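Contents: one structure, followed by commentary.
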Amino acid sequence: MSVQAFILIQTEVGKATGVADAVAKIAGVTLSEGVTGPYDVIMRAEAASMEEFGRLVLSKVQGVPAVSYTHLT
């Protein structure tokens, strides 16, 4: 069974489009879109396990330039 989650991302001002594009290129990401409200980007990702999710997906998202904050839902 795979792990699937939505991640809400806050970015630096004016950087949402670039972050959404960069996040979309990460393996395991199935959706990456700019949104309005308290978060700037929403993404959906999946991995084989929670460990893999954290190691291969979430850590790469947090390493994208201009990402200020992430929230896993």
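The values are calculated or read from the model by the stated rules, or taken from the named source; none is laboratory data. Computed from a prediction, not measured in an experiment: that's the story for all the values here. All Cβ positions, even for glycine, are placed from backbone atoms using ideal geometry, and neighbour counts span all protein chains on display. Heads up: the accessible areas ignore ligands, DNA and RNA and are worked out on the full protein's heavy atoms, side chains in. Shrake-Rupley method; radii C 1.70, N 1.55, O 1.52, S 1.80 Å.
Observations, loosely collected:
- Taking other residues whose beta carbon is less than 13 angstrom from the beta carbon of SER59, and scoring Lys, Arg as +1 and Asp, Glu as -1, yields 0.
- For the chain, the C-alpha radius of gyration divided by 2.2 N^0.38 Å, with N the number of residues, is 1.00.
- Estimated inter-spin distance, MET50 and LYS25, nm [label 7 Å along Cα→Cβ]: 3.1
- Neighbour net charge for LYS15 - beta-carbon separation under 12 angstrom, K R +1, D E -1: -3
- Apportionment of accessible area to carbon and sulfur, the chain, percent (1.4 Å): 56
- Take the chain with all the other protein chains still there, run a 1.4 Å probe, and you get 59 Å² of accessible area per residue.
- Taking Lys and Arg as +1 and Asp and Glu as -1, the other residues whose beta-carbon sits under 9 Å from that of GLY28 total -1.
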